[in-house]
Amino acid sequence: MAHARLPCWDEGVQILWPTPRDGGAPTALTALTDADLDRLYGYPEHLDRPWVQANFVASADGAVTLDGRSEGLSHPADKRIFLHGRDLADVVLVGAGTVEAEGYRGARPRPRRRELGRPEVPPIAVVSGRCTVRPDAPVVTDTRVPPIVFTTEAAPIERRKALAAAGAEVVVTGERAVDLRAMLDELGGRGLYRVDCEGGPHLFAGLLAEDLVDQLCLTVAPLAAGAGAGRIVEGLPSPEARALRLASVLHEDGFLMLRYRRDPGGSG
């Protein structure tokens, strides 16, 4: 297989992997159409179960945030991939801690979704075992589609009622921890098969522990954050390592946009 040449800093975003079949130079992302990105990042066709893609950005030394937020680690090219993921998804999945830290609000209409024949706004599904999402949070009040809040029987009933009164749909799956498999079954029962998980680390840990992650999109920023920030995964340990295969690599300004898929060969 021909090897792609290393990019110069002024060449823009490039696909380093997969390499061009003709052995030519890497392709600039600015020359790629949305349809090209669909072929790289698209969900499998004819899904009969929820298929989970997880999205994260991290520093070169593994930090998941700068000053408590992921924004300082991001880049315009990374944001294009991030928003493209929302275009392709049936539902955006996120943990309550990330909703609070990042100031989440409802997804905004994007023309590409209409072109793909999907509702112009995907719902936001929030995982909150203690039902800590505030009724006045922007994800509840600043949205065109009511959020779906997955919580537990142990969550205070008054919190659940307050969220429902504010317009959120509250779904109980699990006694003391959200049953992630039951949650995905619920989403699948609604026809929401393309699941775009945007964090956070504790939700990602739970999904990994249950072997529910099909694709990981990870942007590595050319920054060393130093000690203090957490990793992209925290909390519930996985019983074993999960094998992944590298599916594509994009590059711009030192940022690497890596895409890994579940290795059908099994665990590592």
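The values are calculated or read from the model by the stated rules, or taken from the named source; none is laboratory data. Predicted, not measured: the structure shown is a model, and the values here were computed from it. Here Cβ is always computed from backbone atoms with ideal geometry, including for glycine, and neighbour counts include all displayed protein chains. Side chains are part of the model used for accessible areas, which takes the heavy atoms of the whole protein and leaves out ligands, DNA and RNA. Shrake-Rupley method; radii C 1.70, N 1.55, O 1.52, S 1.80 Å.
Projecting the Cα atoms of VAL233, VAL127, LEU40 onto the charge dipole of the chain, computed from C-beta unit charges around the Cα centre, puts VAL127 farthest toward the positive end. Gaussian network model of the chain, Cα springs within a sub-10 Å range: biggest mean-square fluctuation belongs to which of GLU71, GLU158, GLU45? In this elastic network of the chain, the residue with the biggest mean-square fluctuation among GLU71, GLU158, GLU45 is GLU45.
Between VAL91 and ARG194, ASP196, the built amide H atoms are under 5 Å apart, and every one of these is 5 or more places off in sequence or on another chain. Evaluated with a Cβ-only charge set (Lys, Arg +1; Asp, Glu -1), the chain carries a dipole of roughly 360 debye about its Cα centre, given to the nearest 20.
Please report the orientation-averaged projected area of segment 48-262, defined via the convex hull of its C-alpha atoms, in nm². Mind showing how you got there, number by number?
Details: hull surface 47.7 nm².
Value for segment 48-262: 11.9 nm².
For segment 101-191, a/c is not less than 1.5, where a ≥ b ≥ c are the root eigenvalues of the C-alpha gyration tensor, and a/b does not top b/c. That puts it in the oblate class. Around the amide H of LEU244, modelled in the peptide plane, lie the amide H atoms of ASP263, all under 5 Å away and 5 or more residues distant in sequence or on another chain.
Extension gain, LEU256-SER74: 0.36 nm per intervening residue step, less the Cα-Cα distance, totals 64.4 nm.
Only helices enter the 222 nm calculation for the chain: every DSSP H run of n ≥ 4 contributes -39,500 (n - 2.57), and dividing by all residues gives -6500 deg cm²/dmol, rounded to 500.
Averaged per residue, what accessible surface does segment 36-105 expose to a 1.4 Å probe, in Å²? Could you put the intermediate results ahead of the total?
Numbers: 2950 Å² over 70 residues.
Using a 1.4 Å probe on heavy atoms only, each residue of segment 36-105 averages 42 Å².
Given in Å, the Rg to one decimal and the Dmax to the nearest whole number for the Cα atoms of segment 149-268 are 17.3, 49.
Can you tell me the orientation of helix 180-189 relative to the chain, as the angle in degrees between its alpha-carbon axis and the longest Cα principal axis, to the nearest 10? Approximately 90 degrees, to the nearest ten. Backbone geometry of segment 40-45 corresponds, through the Karplus equation with coefficients 6.51, -1.76 and 1.60 at θ = phi - 60°, to 3J(HN,Hα) couplings of 7, 10, x, 6, x, 7 Hz, x marking Gly and Pro.
Note that segment 192-200 has calculated 3J(HN,Hα) couplings of 9, 8, 8, 9, 10, 8, 9, x, x Hz, one per residue in order, obtained from phi through the Karplus relation 6.51 cos²θ - 1.76 cosθ + 1.60 (θ = phi - 60°); glycine and proline are x.
3J(HN,Hα) couplings calculated from phi for segment 228-244 with the Karplus curve 6.51 cos²θ - 1.76 cosθ + 1.60 (θ = phi - 60°) are, in sequence order, x, 6, x, 8, 6, 9, 8, x, 4, x, 7, x, 7, 5, 9, 6, 10 Hz; Gly and Pro show x. Ranking TRP51, ALA63, ALA165 by Cα position along the charge dipole of the chain, where only Lys, Arg, Asp and Glu carry charges on their C-beta atoms, puts ALA165 farthest toward the positive end. Taking the chain as a Gaussian network of alpha-carbon nodes connected by springs under 10 Å, the highest mean-square fluctuation of the residues GLU252, GLU102, GLU115 belongs to GLU115.
Comparing PRO109, ALA177, VAL91 along the charge dipole axis of segment 48-262, the residue lying farthest to the positive side is PRO109, per the Cβ-charge model. Expressed as a whole number of Å, what is the distance separating the alpha-carbon centroids of segment 198-255 and segment 148-188? Here the two parts' Cα centres lie 25 Å apart. The GNM of the chain, with springs linking C-alpha atoms under 10 angstrom apart, assigns the highest mean-square fluctuation among ARG181, ARG190, ARG105 to ARG190.
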